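Undergrad: Here you go, one structure.
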Amino acid sequence: MNRTRPALNVNLGGVKLRNPVLLASGTCGYGTELLGQVRFQSIGGLVSKSITLQPKPGNPMPRVAECSSGMLNAIGLENVGVRTFCGEKLPEMRKLPCAILANVAGSTPEEYIEVVEYLDGRRGLAGLELNLSCPNVRRGGMEFGREPGLLGSLVAAIRRRTRLPLWVKLTPNVTDIIALARAAEDAGADALTVMNTLLGMRMDIQQRCPILANLTGGLSGPAIKPVALRMVYQVAGAVSIPVIGVGGIETAEDAIEFILAGASAVQIGTATFRNPGSAEQAVQGLAAYLRQSGMTGVNELIGAGRK
Amino acid sequence: MNRTRPALNVNLGGVKLRNPVLLASGTCGYGTELLGQVRFQSIGGLVSKSITLQPKPGNPMPRVAECSSGMLNAIGLENVGVRTFCGEKLPEMRKLPCAILANVAGSTPEEYIEVVEYLDGRRGLAGLELNLSCPNVRRGGMEFGREPGLLGSLVAAIRRRTRLPLWVKLTPNVTDIIALARAAEDAGADALTVMNTLLGMRMDIQQRCPILANLTGGLSGPAIKPVALRMVYQVAGAVSIPVIGVGGIETAEDAIEFILAGASAVQIGTATFRNPGSAEQAVQGLAAYLRQSGMTGVNELIGAGRK
Amino acid sequence: MQAGIIKARRFGPYARLVLKAPQIAQRARPGQFVEILISGKAAPFWRRPFSICRVEKTTLELLIKVVGPGSNLLANMRSGEFVDIIGPLGRGFTLRGRGGMLLVGGGFGAAPLLFLAERLRACGRQVEVLIGGHSREDLLLRSSIKLTGASVACATEDGSYGKQGKVTDLLIERLPGRKPGWTLAASGPRPMLAAVAGIAARHEIHAEVCLEKVMACGMGICQGCVIKVGGAYQRVCKEGPVFSAQAVDWNNV
Amino acid sequence: MQAGIIKARRFGPYARLVLKAPQIAQRARPGQFVEILISGKAAPFWRRPFSICRVEKTTLELLIKVVGPGSNLLANMRSGEFVDIIGPLGRGFTLRGRGGMLLVGGGFGAAPLLFLAERLRACGRQVEVLIGGHSREDLLLRSSIKLTGASVACATEDGSYGKQGKVTDLLIERLPGRKPGWTLAASGPRPMLAAVAGIAARHEIHAEVCLEKVMACGMGICQGCVIKVGGAYQRVCKEGPVFSAQAVDWNNV
Ligand SMILES: Cc1cc2nc3c(=O)[nH]c(=O)nc-3n(C[C@H](O)[C@H](O)[C@H](O)COP(=O)(O)OP(=O)(O)OC[C@H]3O[C@@H](n4cnc5c(N)ncnc54)[C@H](O)[C@@H]3O)c2cc1C
Ligand SMILES: Cc1cc2nc3c(=O)[nH]c(=O)nc-3n(C[C@H](O)[C@H](O)[C@H](O)COP(=O)(O)OP(=O)(O)OC[C@H]3O[C@@H](n4cnc5c(N)ncnc54)[C@H](O)[C@@H]3O)c2cc1C
Ligand SMILES: Cc1cc2nc3c(=O)[nH]c(=O)nc-3n(C[C@H](O)[C@H](O)[C@H](O)COP(=O)(O)O)c2cc1C
Ligand SMILES: Cc1cc2nc3c(=O)[nH]c(=O)nc-3n(C[C@H](O)[C@H](O)[C@H](O)COP(=O)(O)O)c2cc1C
Ligand code: FES
Ligand code: FES
């Protein structure tokens, strides 16, 4: 039994965190909504909701649907736009005692680039995360994140525009996640976030129509954990940059599964809705697990379950 | 309120069933295991576990792992082989008072074809379902079912070898399910079964290794229902042959969601493990729903929720 | 937070629960709600929102109508058991003005009105409460509301108690001739609230309505519960659930 | 099938439940098990298997050890509540031969042995039961087994009751000099069963063991619970859970 406190700090492609647990994009608003519910000093960081060039009102209602061990969302990237984000939200966010990352989205490469250039060098931003699950208006609605060539050239273009650490968040709705991960790494990503939501749907059997106004939405929550874990395992085996695991994590045990599979850190998404203390409790549980295992730090655990 | 009994019978690409609820491949054994647990006269049919040319012992243990609202399996297509299937299992199966389909798997096109030729014309077989989630040994382990070209040529080759109705079961672990569905239809499939399991993983945090000896396995159960429903919706909109929905269906309400999305029938898989009466209860609940909705038959419901 | 149930009473499809939850009770305002994580067989994935119906120093009371699996499990809980609860959430009634207030409630929509009536009466304001429901059993909290010193009038659609008809018929009857300074507050089914909004507009009287929407988080973080208010999306759980009736786009709720 | 709990007793990490389940009780044989669909907070997805510990005409008894969420919920159920149960499942002990039988149980592995002892005694066969556990509290069902007329000897690893050491030490002591026709039955942790199998082989005595394996279906349909028996995979839930100790490939269970 190791009596000293295990080291929890991690460096994720240049983003240094006190511990490897973050709140996921879109599930913690701009952070301030959760003041009073989350003790930010006890978590590693948070990722803002996806920021676009112009403010977006989001999709029509209904936007959410409940599922077994999970939920669908089709929020439609509702956000204040990058200018208001920098002018009004970020000044409040950087008061939060944890690392802040901005998640970036767009529907053309130029949009992504403009947002990234606007964010570059802003005080208080520890890094950027690219959400590539947005349909590309130019390419007939195919998502940037589902075609390695498209993904690679977009990431490369963005990489040249910012000195901020750049995380690329991968969509799971693909045949070959490894090809996408490699394309992102080759294009200069500093870390990969695996994964976004699975595309799903629900029907209203009373009204006889899809529940979501958008017809389909993204499935999140414990239901998707095994898929996320598999993708983290695959990606961590294929790239040499850090992987941040997301998808269905609710507890320390869940987080440990991801770290064993090769994740260097994890993000907590939907779990916050049911239990705003999830992230903090995951940190505590992870520390206890490392102590009980006689490990000196989380680095010893990363990938320790790989075969 | 309609007082006459709604018609539940369906014709699925030449397979005529008294009602649109079947037991899914691999989750009802060879049927006889469930005598005493399932009243076969009240369901539409059952699909055998995947049959291969040679008997297969299956994967090493552990083969299953529990998840939130679902499970992983990596059984490894354990089965008696097509000869014993026809010689010993089928004679018992055809005594069951419901339609019997054989699910076929292989690792080369020749294997598939040999199995199909062996099965063609056997008494008591209402049709065949092709499981294309098997790695193709010749193509570096890429599954037949993940590449439209590969899938199309395999289905076309099989189509020429049998007069039995041919269902093609699609794997969901792809970028573009529609391309696969169309390839199957073009190659002569009579109906499409959507979907097989999502590829997933779990870690044992005590042993620090993957729980499954096979590392990854297929995720099934209510957890995957929204994904299956979305794929059924997509596929039913893209082909003109019947679609059979499968994935996480436990209740009549679940089945109705799939039929509204465009499925002409459904299969019950993992639900049978928790409640062997699921399929029968789904039939009853579907009949009650049709009655309450004043519909004359299930045909009125198919796709009625599409926009 | 875990809150102990200290009283539980079941009647028909309804239940009243009293919970020990000092931090919530002390901060709660009428119109605010709590989110409860329900457990048990077929428990739903999301928390479920319920209006705060009344508070004492350290306790709060909820009125639950059984409409599905979550409310069913909750309504069957017994005193001595615990619930996982977050709150108080959202923005309540503004209590603006000093004049009298007409409160209009339908079904379990009466819940926040009891709390509101108590607070208004404690400020010495005149309160008249109109309660509607399908039949007698659905006229909830009548006697508790009367005990606050508010006057109560009822309407049932089947005529089994009070005026026969809708509660909005009662409102139309009672509204003319009010002194200026009177305002309206309403809580209940969507169509009733829309009708109240229309009536208030015609009579040029300020009205606030307490809305409901399926909520994934209840804390303002998911943007899943928005409605159109003043031309823009607002979150029912954060900017609401109480909105000025005039601002709500009733075609988009 | 729903079965009512008619008796529930909790002691330490264990519980004994008596269920009303006539169809199961009438068909059950020692070594068979039931599968229970557990509900409640954090209830597991799969059913959970438990050995039938004793039957009366219309009831059956289970012995539950709390090891995780499922067993915990079950062990806390109260008389009057219902469980969703399937059974009897699997193949029990063969009861072959007419001679005496030595039963070896570890921990909650004693459960099927009580049922077995009762049936053997009812046929007038001689029964000796050896029970092992970490300490006194883990020596389960001792007195119930004694009441069948079987003789009972115990071993604890901490020496708090009976012989100090493993139950297999007891077995090695007791085995020599048995008349031909005696056979062995064992139920408990994997290492204990493997040790019993080894001892039985050395003494050339027929032994049957009751195995455990994580079960997804429990009904022989998923092939998820297989072990190597006689060189081929067999399902613990269908061909087992009782196997001839000699046939089991102990490196592959
Ligand atoms: C701010 C707010 C305050 C609320 N206050 C109260 C309260 O004080 N007391 C109370 O009993 N309820 C209240 N509700 C409603 C309550 O949250 C829902 O009834 C509950 O979430 C239903 O959960 P369920 O799992 O039982 O049913 P679900 O499975 O969610 O729904 C079952 C069925 O009931 C329908 N349904 C859902 N919500 C309602 C509803 N509100 N009325 C009628 N049918 C519905 C659904 O469409 C579905 O068909 C409030 C809701 C909000 C948003
Ligand atoms: C044929 C058969 C008969 C059984 N009979 C009985 C019986 O009569 N009484 C009884 O109490 N149990 C019995 N069991 C074991 C029982 O099924 C498990 O203890 C139970 O499924 C655990 O469920 P859980 O949700 O509580 O724990 P889980 O969450 O499934 O497991 C919690 C932890 O306990 C471990 N664990 C799982 N099973 C066991 C076990 N058997 N022993 C120790 N640790 C375990 C797991 O690996 C995990 O780490 C039997 C099992 C089988 C296969
Ligand atoms: C309501 C909601 C909104 C989300 N919004 C975003 C977003 O704006 N950008 C993004 O990259 N991911 C978004 N996500 C995806 C999450 O960040 C996360 O990748 C996903 O939900 C899986 O993790 P979880 O299962 O822990 O929730 C959103 C998820 C939810 C539930
Ligand atoms: C234990 C198990 C074994 C399975 N074996 C097969 C199989 O042999 N062939 C096949 O096509 N599908 C197989 N499946 C997939 C199911 O037929 C079904 O497509 C999938 O489980 C999704 O449905 P469900 O969520 O209702 O279980 C298997 C599923 C499970 C759980
Ligand atoms: S329910 Fe999430 S923002 Fe209102
Ligand atoms: S548990 Fe499914 S075959 Fe044994």
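Undergrad: Does at least one position in the range A:92-102 carry a residue that is under 22 Å from A:P222 (Cβ atoms), more than 14 Å from every other protein chain (Cβ to nearest Cβ) and more than 16 Å from ligand 6 (Cβ to nearest atom)?
TA: Taking every residue of the range A:92-102 in turn, none turns out to be under 22 Å from A:P222 (Cβ atoms), more than 14 Å from every other protein chain (Cβ to nearest Cβ) and more than 16 Å from ligand 6 (Cβ to nearest atom).
Undergrad: Quick check on my filter: what residues within the range D:18-47 are of a type in the set (D, E, K, R) and at pLDDT 95 or above?
TA: D:K20, D:R27, D:R29, D:E35, D:R47
Undergrad: Looking at C:M77, is it touching a residue at least 60 places away in the same chain (Cβ under 8 Å), under 17 Å from C:L184 (Cα atoms) and not basic (K, R)? Even if it seems obvious, please write down each step before you answer.
TA: On the way: touching a residue at least 60 places away in the same chain (Cβ under 8 Å): yes; under 17 Å from C:L184 (Cα atoms): no; not basic (K, R): yes.
Here the answer is no, as C:M77 does not meet what is asked.
Undergrad: Among (1) touching a helix residue (DSSP H, G or I) at 6+ places or on another chain (Cβ under 7 Å); (2) assigned to a loop (DSSP other than H, G, I, E, B), which single condition is C:A153 missing?
TA: Condition (2) is where C:A153 drops out.
Undergrad: Being closer than 19 Å to D:P180 by Cα, buried (at least 19 other Cβ atoms within 10 Å of the Cβ) and hydrophobic (A, V, I, L, M, F, W, C) narrows it down to one of D:V152, D:V129, so name that one. Lay out the reasoning, then the answer.
TA: Values: D:V152 fails: closer than 19 Å to D:P180 by Cα.
Result of the check over D:V152, D:V129: D:V129.
Undergrad: Restricting to the range D:65-110, and then to whatever is under 15 Å from the mean Cα position of the chain (by Cα), part of a helix (DSSP H, G or I) and hydrophobic (A, V, I, L, M, F, W, C), can you tell me which residue is farthest from ligand 3 (Cβ to nearest atom)?
TA: Per the stated criteria, the residue is D:A110.
Undergrad: Would you confirm, using the coordinates I've provided, whether A:P55 is modelled with pLDDT of 95 or more, within 14 Å of another protein chain (Cβ to nearest Cβ) and surrounded by fewer than 22 Cβ atoms within 10 Å (Cβ to Cβ)?
TA: Criteria met by A:P55.
Undergrad: Does C:I221 satisfy being within 16 Å of ligand 5 (Cβ to nearest atom), assigned to a strand (DSSP E or B) and more than 30 Å from C:F11 (Cα to Cα)?
TA: No.
Undergrad: Looking for something part of a helix (DSSP H, G or I), more than 9 Å from ligand 2 (Cβ to nearest atom) and within 20 Å of D:G220 (Cβ to Cβ) - is there at least one such residue anywhere in the range D:14-25?
TA: Within the range D:14-25 (the criterion being part of a helix (DSSP H, G or I), more than 9 Å from ligand 2 (Cβ to nearest atom) and within 20 Å of D:G220 (Cβ to Cβ)), the answer is yes, since at least one residue qualifies.
Residue-wise test of (1) more than 14 Å from chain C (Cβ to nearest Cβ); (2) under 23 Å from D:A186 (Cβ atoms); (3) at pLDDT 95 or above.
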{"position": "D:R9", "(1), (2), (3)": "yes, no, yes"}
{"position": "D:G12", "(1), (2), (3)": "yes, no, no"}
{"position": "D:R16", "(1), (2), (3)": "yes, yes, yes"}
{"position": "D:P49", "(1), (2), (3)": "yes, yes, yes"}
{"position": "D:V55", "(1), (2), (3)": "yes, yes, yes"}
{"position": "D:L60", "(1), (2), (3)": "yes, yes, yes"}
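Undergrad: I need the full set of residues from the range B:58-91 which are within 14 Å of another protein chain (Cβ to nearest Cβ) and not in a loop (DSSP other than H, G, I, E, B), in order please. Talk me through it step by step, then tell me what you get.
TA: Taking the range B:58-91 and keeping what is within 14 Å of another protein chain (Cβ to nearest Cβ), we get B:58-81, B:84, B:89.
Those that are within 14 Å of another protein chain (Cβ to nearest Cβ) and not in a loop (DSSP other than H, G, I, E, B): B:V64, B:A65, B:E66, B:C67, B:G70, B:M71, B:L72, B:N73, B:N79, B:G81, B:T84, B:K89.
Here's the yes/no breakdown for (1) within 7 Å of chain A (Cβ to nearest Cβ); (2) without any contact (Cβ under 8 Å) to a residue 40 or more places away in the chain; (3) within 16 Å of ligand 6 (Cβ to nearest atom):
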site: B:Q206; (1), (2), (3): no, yes, no
site: B:C209; (1), (2), (3): yes, yes, no
site: B:V232; (1), (2), (3): no, yes, no
site: B:V235; (1), (2), (3): no, no, no
site: B:A238; (1), (2), (3): no, no, no
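Undergrad: Across the range C:199-234, which residue is farthest from C:W182 (Cα to Cα) among those that are more than 14 Å from chain A (Cβ to nearest Cβ) and touching a residue at least 40 places away in the same chain (Cβ under 8 Å)?
TA: C:C210
Undergrad: Scan the range A:184-204 for residues that are more than 7 Å from chain B (Cβ to nearest Cβ) and either farther than 27 Å from A:V155 by Cβ or aromatic (F, W, Y) (or both) and jot them down.
TA: A:D204
Undergrad: Looking at the range B:92-111 only, could you name the residues that are closer than 23 Å to B:V15 by Cβ and either in a strand (DSSP E or B) or touching a helix residue (DSSP H, G or I) at 6+ places or on another chain (Cβ under 6 Å) (or both)?
TA: Passing the criteria: B:E92, B:L96, B:P97, B:C98, B:A99, B:I100, B:L101, B:A102, B:N103, B:V104, B:G106.
Undergrad: Take the conditions touching a strand residue (DSSP E or B) at 6+ places or on another chain (Cβ under 7 Å), away from ligand 3 (no atom under 16 Å from the Cβ), in a strand (DSSP E or B) and more than 14 Å from chain A (Cβ to nearest Cβ) and apply them to C:L193. Does it pass?
TA: Working: touching a strand residue (DSSP E or B) at 6+ places or on another chain (Cβ under 7 Å): yes; away from ligand 3 (no atom under 16 Å from the Cβ): yes; in a strand (DSSP E or B): no; more than 14 Å from chain A (Cβ to nearest Cβ): yes.
The answer is no for C:L193.
Undergrad: Please find, within the range C:224-253, the residue that is farthest from ligand 5 (Cβ to nearest atom) out of those that are among the aliphatic types (A, V, I, L, M) and under 18 Å from C:L95 (Cα atoms).
TA: So, considering only residues that are among the aliphatic types (A, V, I, L, M) and under 18 Å from C:L95 (Cα atoms), the one farthest from ligand 5 (Cβ to nearest atom) is C:A245.
Undergrad: Taking the criterion of being small (G, A, S) and modelled with pLDDT of 95 or more, would at least one residue in the range C:219-233 satisfy it? Talk me through it step by step, then tell me what you get.
TA: We begin by selecting, within the range C:219-233, every residue small (G, A, S); these are C:220, C:224, C:230-232.
Next, only the ones that are modelled with pLDDT of 95 or more stay: C:220, C:224.
There is at least one residue in the range C:219-233 that is small (G, A, S) and modelled with pLDDT of 95 or more.
Undergrad: Right, here's the next one. On the given criteria, is C:R91 within 26 Å of C:F243 (Cα to Cα), surrounded by fewer than 23 Cβ atoms within 10 Å (Cβ to Cβ) and not hydrophobic (A, V, I, L, M, F, W, C)?
TA: yes
Undergrad: Among the residues of the range B:16-57, which ones are within 21 Å of D:K238 (Cα to Cα) and assigned to a helix (DSSP H, G or I)?
TA: If the condition is that a residue be within 21 Å of D:K238 (Cα to Cα) and assigned to a helix (DSSP H, G or I), then B:T32, B:E33, B:L34, B:F40 are the ones that fit.
Undergrad: Determine whether the range B:58-67 contains at least one residue that is of a type in the set (S, T, N, Q) and away from ligand 2 (no atom under 16 Å from the Cβ).
TA: Yes: one or more hits.
Undergrad: Moving to a separate point now. Just one of C:P88, C:P44, C:P69 is within 16 Å of ligand 5 (Cβ to nearest atom) and within 14 Å of chain D (Cβ to nearest Cβ); which is it?
TA: Result: C:P44 is the single residue among C:P88, C:P44, C:P69 that is within 16 Å of ligand 5 (Cβ to nearest atom) and within 14 Å of chain D (Cβ to nearest Cβ).
Undergrad: Another question, then. Return the residues of the range C:200-218 that are at positive phi and away from ligand 5 (no atom under 16 Å from the Cβ); say none if nothing qualifies.
TA: C:E204
Undergrad: Further, regarding this structure: Could you grab me the full set of residues in the range B:115-135 that are crowded, with 17+ Cβ neighbours inside 10 Å and either within 16 Å of ligand 1 (Cβ to nearest atom) or not hydrophobic (A, V, I, L, M, F, W, C) (or both)? Steps first, please.
TA: Taking the range B:115-135 first, the residues crowded, with 17+ Cβ neighbours inside 10 Å are B:115-116, B:118-119, B:125-134.
Matches in the range B:115-135: B:Y118, B:G127, B:E129, B:N131, B:S133.
Undergrad: Please go through the range C:26-41 and pick out each residue that is part of a loop (DSSP other than H, G, I, E, B), among the hydrophobic types (A, V, I, L, M, F, W, C) and away from chain D (no Cβ under 14 Å).
TA: Correct list: C:A28 only.
Undergrad: Applying the selection to the range B:48-91, what residues are within 17 Å of B:S25 (Cα to Cα) and charged (D, E, K, R)?
TA: B:K49, B:K56, B:R63, B:E78, B:K89
Undergrad: A further question on this structure: Based on what the data block shows, is A:E253 farther than 19 Å from A:F40 by Cα and of a type outside the set (G, A, S)? Break it down stepwise before answering.
TA: Details: farther than 19 Å from A:F40 by Cα: yes; of a type outside the set (G, A, S): yes.
Considered against the rule, which asks whether it is farther than 19 Å from A:F40 by Cα and of a type outside the set (G, A, S), A:E253 comes out as yes.
Undergrad: Exactly one of these conditions fails for D:S160: (1) under 30 Å from B:N73 (Cβ atoms); (2) more than 16 Å from ligand 6 (Cβ to nearest atom); (3) modelled with pLDDT under 95. Give me its number.
TA: Of everything listed in (1) under 30 Å from B:N73 (Cβ atoms); (2) more than 16 Å from ligand 6 (Cβ to nearest atom); (3) modelled with pLDDT under 95, D:S160 misses just condition (1).
Undergrad: Looking at the range B:264-280 only, could you name the residues that are more than 12 Å from every other protein chain (Cβ to nearest Cβ), over 21 Å from B:L219 (Cβ atoms) and more than 11 Å from the chain's Cα centre (by Cα)?
TA: Those that are more than 12 Å from every other protein chain (Cβ to nearest Cβ), over 21 Å from B:L219 (Cβ atoms) and more than 11 Å from the chain's Cα centre (by Cα): B:S264, B:E280.
The values are calculated or read from the model by the stated rules, or taken from the named source; none is laboratory data. Nothing here was measured: the structure is a model prediction, and the numbers come from that model. Neighbour counts run over all protein chains shown; Cβ positions are idealised from the backbone, glycine included.
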